[in-house]
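Shown next, in C-alpha cells, is the structure this report addresses.
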Amino acid sequence: MATVLNIAPSENKVSSFVSRTHKMLINGKWVGAASGKTFDTYNPATGEVLSRVAEGDREDIDRAVKAARAAFEGRWSQLTPSERGRLIWKLADLLEENLEEFAELESLDNGKPLKIARVADVPLAVDLFRYMAGWATKIEGNTIPISVPYAPGAKFLAYTLREPVGVVGQIIPWNFPLLMAAWKLGPALATGNTVVLKPAEQTPLTALRLGELFQEAGFPDGVVNIVSGFGETAGAALAAHAGVDKVAFTGSTEVGKLILQAAAGNLKKVSLELGGKSPNVVFADVDLDAAIAGAASAIFFNHGQCCCAGSRLYVENKIFDKVVEGVAENAKKINVGPGQDESTDMGPLVSAEQLNRVCGYLESGFSEGAKAVAGGGRLGDKGYFVKPTVLVNTNEKMKVVQEEIFGPVVTAIPFSDPAELVTQANDSVYGLAAGIWTRDIQKAHRLASQLRAGTVWINCYNIFDAALPFGGYKQSGWGREMGHEVLEQYTEVKAVCTAL
Ligand code: NAI
Ligand code: MG
C-alpha cells in the first residue's frame, strides 16, 4: 500500500503517554475508576512496570453502558450514514498520521517488534477503518416479492431494513491490541452502533490512545467508551450487562464459553473469535524454499501468539526431514530480543503467565517423548522470551498436538496417505485456519474443501485483509470478522410489510 505518511518525532510523545496514570473514556470524558483503583502494566521485555491504568469494574461498565445508550438514542442516530463514514475515515487518517507513535506504544506494551507493528498492526488497522468507513453508506435491505397463500389477490410491498443492534460490548485480547480494537470498532460504528470496549489488561495503551483520536476526529460523546480493567471483573460485568444488546469477544475458548453464559441473562447477541490449532500441510511436489519459509513464518509470526498460527505442520514423508531441517534452521536464525531493537525479529511473550503456560506445554511434550530439533525452552532469565521451537516425535494424543500453545512452538508430523491426512488435520476441536503448500492446483482446492476451517491459505499464510472474512468453525468461534460478513453481526433485520 503506497501511502504518504506524516511521521512526527514520536519518542517524547510515547514516553510522556506511557508515564501518565491513565484514565478511561466514558461519555466523552477521561475519568478514573469509580473505586479509585489503578493497576500496573508491564514491559514484557524486562518484566518491569511500564504504565499505570484505571481499574474499571462493574460500576464503570454501568456508567459506560448508560453513556453508550444515550449516544445511541441521541446524537449518533441523527448522523447520516455519510457523516458516520466520514468520521471513521477521519479516524483512519489520524491513526495513520500517528503511525510511528502507535507502533512504538504497541511494541512496548505487547513486546512485538517495532518494525512489525509499523508495517502490519498499525497499517492494517488504518485500512480496516477505511474499508468500514466505505460500508457506512452501503448498509442496504431488499425489496421482496411475496405470495401470501391465504390472501389471494392481495398486493403487498415488502422490504427489509438493516438497523444497528444497539449498544455493543467488545472484549479484546493482547496479541494484536490495536488491530483487534479496529476489527471490532470499525464494523460496529459503520453500522451505527455505540460501543463499550474493554481492552486486555496486559495491553490497554493503544486502545486508550485510540480513544483520544476518536475525540479528535469528532465522534459524539458516548459513541465509543473505553473501560480498562480485568476480565473477571470489568469483562464479566460487560458480558452480563442487561443494557448491552450484543457482545463481541476475541480470546480463549474457555472464556468464550463464559461469555456465552453471561450473555444468556438478556439473550444478547454473541460473536466469538476464539482459539485455534491450525494444520499447515506441505506436499512433496512443493517449491521447497517457499514452503519452508512459509511454514516457519506461519508459526513464528507474532511469536506464535496468533489464534490462526500454523502450529501443526504436516509434511509428506518424502520431504519430511528436509522441511523439518529447514524450519529448524529458520528458527535458529530468528533474532529474539526486545521489540524496540531494530534487529529484533521476535520479541518476548506478552506476560509471565504466558511464559509459564508455553514452557509448561514444552515440558509436557518432552515428558511424553517429543524432541526439540530447535529451541525448547525459555531464553535468558529476564523478560518473557521463549526460543523458537520445532518439535518432532509427537503423536495425535499429546497435549502439544491437541491444545493451543500460543507460543513459538510447532509440532512437525509426517504423513503419507492423503486420506488419512484429512482426518488428522481435522482432528481438532478447533477450526480456525489451515495452510496448504503444493504446486498441484487440483490437490490444493480439493483439500481446501475438505478442511473444516474458516480460512484456508494456499501457498501463503497469515494473509489478512479488511475485505477477507475471518473466523472459525467448531470451537474456534461464532460469526466472522471483517469483509461484508461482519456487518451481519452488527445489524438486525427488520421486515416491513405494507398492504397496497
Ligand atoms: P482470555 O480469554 O482470558 O482474555 C481475553 C480477553 O478476555 C481479555 O480482555 C480479558 O480481560 C477478557 N476476559 C477474561 N476473562 C473474562 C471473563 N470471565 N469475562 C469477560 N471477559 C474476560 O485470554 P488469556 O487468559 O489472556 O490467554 C489465555 C489463552 O487464551 C492463550 O494462551 C491463548 O491460548 C488464548 N487466547 C486466544 C486469543 C485469540 O486471538 N483467539 C487471544 C488471547 C488469548
Ligand atoms: Mg484468561
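Summary of values
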item: Set K37/K198; K138/K494; K333/K387; K29/K246 screened for pairs whose C-alpha atoms are more than 19 Å apart; result: K29/K246
item: G377 long-range amide H proximity, modeled H, under 5 Å; result: K387
item: Linear extension gain, R446 paired with N356, 0.36 nm per residue minus alpha-carbon span; result: 28.4 nm
item: Within region 46-74, backbone nitrogen closer than 20 Å to the virtual label 7 Å beyond the Cα of E11 toward Cβ; result: 46, 50-51
item: Exposure of W478 as accessible area (Å², to 10), given a probe of 1.4 Å and all protein chains; result: 130 Å²
item: Förster radius 25 Å - calculated FRET efficiency between D289 and Q402 (Cβ-Cβ, nearest 0.05); result: 0.25
item: Mean accessible surface per residue for region 394-475, computed with a 1.4 Å probe while every protein chain stays in place, in Å²; result: 44 Å²
item: Amide hydrogen neighbours beyond the local backbone of H22, cut-off 5 Å, H modeled; result: R52, V53, A54
item: Shape of region 440-500, Cα gyration tensor, a/c cut at 1.5; result: prolate
item: Amide H contacts of V270 (H built 1.01 Å from N, under 5 Å, at least 5 apart or other chain); result: V247
item: 16 Å Cα-Cα reach of K397 towards aspartates and glutamates, excluding residues that sit fewer than 8 places from it in its own chain; result: E363, E368, E420, D427
item: Å² per residue, accessible surface of region 217-298 at 1.4 Å; result: 31 Å²
item: Contour excess over end-to-end distance, with Cα ends at V429 and T46 and 0.36 nm allotted per residue; result: 134.4 nm
item: Nearest-10 value in Å² for the accessible area of K23, using the 1.4 Å probe; result: 100 Å²
item: Virtual spin-label span in nm between E140 and S416, 7 Å along Cα→Cβ; result: 5.7 nm
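The values are calculated or read from the model by the stated rules, or taken from the named source; none is laboratory data. Note that the coordinates shown come from a computational prediction; the quantities given were computed from them, not determined experimentally. Neighbour counts are summed over all protein chains in view; Cβ atoms, including those assigned to glycine, are modelled from backbone coordinates with ideal geometry. Note: accessible area is taken over every heavy atom of the protein model, side chains too, but ligands, DNA and RNA are not part of it. Shrake-Rupley method; radii C 1.70, N 1.55, O 1.52, S 1.80 Å.
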